[in-house]
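Quick notes on the structure that follows.
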Amino acid sequence: MKRQTNIGMFVAVRATIRKIPRGKVATYGDVAYAAGFPGAARQVVWALHGSGGLLPWQRVVGAGGKILLPGVQGAEQRLLLQSEGVVFIGLRVDMKQHRYTWPMLRKKFRGIK
DNA sequence: ACGTTGACGGATT
DNA sequence: TAATCCGCCAACG
């Protein structure tokens, strides 16, 4: 897949996040990979900031299903997800059940650490 | 123009 | 298992 640079990255990332179905979650790394930027997890954060509010930001969590958003926002994210039916195990999402894997990424699938 | 930051992740030690 | 290091790259001061 051709590596696009600049702003196109945000467009790709946002489009990717928008595909996460209700009741499912994806990690920053997975989103970056699916968008065509393997390893660029940090840029996903910027993409979320840029379009914040218009997309299901709450469905993006850290590796292992951990909520990384600090403070009240983290609590809010948890509530939003729970209201969508997402189950938590302690402080993390039950990825076994709610992790969303893009069809095209099947080959790259790897279990949770 | 340059250095730092960021809701990170994975590899290495 | 935990602590540390490094890459990712746009935005910001």
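The values are calculated or read from the model by the stated rules, or taken from the named source; none is laboratory data. Everything numeric in this text was worked out from a predicted model, so none of it was measured. Cβ placement follows ideal geometry from the backbone for every residue including glycine, while neighbour counts extend to all protein chains displayed.
Give me the residue from region A:65-85 that is farther than 21 Å from residue A:47 by Cβ and within 14 Å of DNA strand B (Cβ to nearest atom) and, out of that set, surrounded by the most Cβ atoms within 10 Å (Cβ to Cβ). Only one residue tops the list, namely A:78.
Of all the residues in region A:28-76, those that are over 22 Å from residue A:89 (Cβ atoms) and among the hydroxyl-bearing types (Ser, Thr, Tyr) number 2.
For region A:51-72, check the following and say yes or no: at least one residue is of a type in the set (Ser, Thr, Tyr), at pLDDT 95 or above and assigned to a helix (DSSP H, G or I). No: region A:51-72 contains no residue that is of a type in the set (Ser, Thr, Tyr), at pLDDT 95 or above and assigned to a helix (DSSP H, G or I).
Name the pairs: first residue in region A:41-56 and over 25 Å from residue A:83 (Cα atoms) and without any contact (Cβ under 8 Å) to a residue 24 or more places away in the chain, second residue more than 9 Å from DNA strand C (Cβ to nearest atom) and polar (S, T, N, Q), Cβ to Cβ under 9 Å, at least 6 apart or on different chains? From residues that are over 25 Å from residue A:83 (Cα atoms) and without any contact (Cβ under 8 Å) to a residue 24 or more places away in the chain, the pairs are A:41/A:27.
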